[in-house]
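**Student:** Just dropping this structure here.
Please treat every number below as a calculation from the coordinates, not as lab data. Being a predicted model, the structure only gives us computed values, none of them experimental. When we count neighbours, we look across all protein chains shown, and the Cβ atoms used for this are built from the backbone with ideal geometry, even at glycine.
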Amino acid sequence: MFWPPPSLNLRLYLRFSFFITSILLEVLLSSFSHIKAILFDMDGTLRHNRPSYQETFFNIATRLGAPITDETHYQAKRWLHYYWAKSGELLSDQRVYADDSKAFWTNHARLLLSALGCTPDLAAAWAPKAFQMMNDEFKPQDWVPPDVHVTLEKLRAANYRLAVLSNRSRPFQEQMENLGLAPYFEFALHAGEAEAWKPEPQVFQRAVERLGCPPAETLYVGDNYFADVVGARRASLVPVLIDPEGLFPEADCAVIQGVGDLPELLRNGKNLSDQ
Ligand SMILES: [Mg+2]
């Protein structure tokens, strides 16, 4: 790219290349230096289900005889993120099954069996059984990875403003307190209160307005590319995607393995305590 034209001598060329490389490095390393606030997604980011919904469902689907491969496993996980990010299918299903939770989740089982590679007939035939088995077997516990607390301590010590923005329809302050998460955050906003759902920009705008921090100086950290990254961008926040399984190779933003990787990502832009 910087190969010198014949009229330039080598020393001048090297000096020029070093100058350009230094500028590029400076831009890269300072890309987070202006960040003053960090908003976090709740589910799948700060708090996880143990076992996860998909882990339990995929186990049930295998026992039913679904022809699961690594590829369909991967596609089904992507589909789950897509579906729950206020997709057209979700909105349609919420209208059709508005008053019938059992019918909604049976249909959801049918869609997920299809995403796992079942034929439409098999997915429809197995969906009621899969729904019933999920109802009987899926009893998850809340789990907060240990490095979440350590990381939030570091971020607070480094004077970042911290808050939570979730796509939940109801308040979850009590759960935040039970999990020991509440003291780190200025507030926890649920989308139901904003009457807008990720990836709609309005819900992100509501959160940054409450923080009183410009969107361009606010990170949004989440695990769903379709809801978190797309939505944060629409509202001019800086997205960071948590993607430990490489589900979103198309991600055009900073990607980390977990919340514990945030200090390293930010370190070049702002000093963080290593304690
Ligand atoms: Mg999430």
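**Student:** Hey, what did segment 52-137 get for relative contact order, percent, Cα under 8 Å, at least 6 apart?
**Tutor:** Once normalised by length, the contact order is 39 percent.
**Student:** What does the C-alpha gyration tensor say about the overall shape of segment 134-193? Classify as rounded when a/c is under 1.5, otherwise prolate if a/b is larger than b/c, or oblate.
**Tutor:** It comes out oblate by the Cα gyration axes.
**Student:** Let me ask something else. Send over the Kirkwood Rh of segment 52-137, from the inverse of the averaged 1/r over different Cα pairs, rounded to one decimal Å.
**Tutor:** After inverting the mean inverse Cα-Cα distance, the result is 12.9 Å.
**Student:** Mind giving me the FRET efficiency for H34 and W143? R0 is 35 Å, r the Cβ-Cβ distance, nearest 0.05 is fine.
**Tutor:** E(calc), rounded to 0.05, equals 0.60.
**Student:** Note down the nm distance, to one decimal, between modelled labels 7 Å out along Cα→Cβ at A103 and at C253.
**Tutor:** 3.6 nm
**Student:** Now, a different point. Relative to 2.2 N^0.38 Å, what does the C-alpha radius of gyration of the chain come to as a ratio? Two decimals please.
**Tutor:** With N residues counted in the chain, Rg over 2.2 N^0.38 Å equals 1.20.
**Student:** Note the full-extension length gain between Q94 and S52 as 0.36 nm times their separation in residues minus their Cα-Cα distance, in nm to one decimal.
**Tutor:** Stretched fully, the Q94-S52 segment lengthens by 12.9 nm.
**Student:** Further question: Using the beta-carbon distance between D121 and R78 and R0 = 22 Å, what value does 1/(1 + (r/R0)^6) give for FRET efficiency, to the nearest 0.05?
**Tutor:** Working from the Cβ atoms, E equals 0.40.
**Student:** Could you list T45, T218 so that the one with the fewest beta carbons within 10 Å of its beta carbon is first and the one with the most is last?
**Tutor:** The fewest-first ordering by Cβ neighbours comes to T45, T218.
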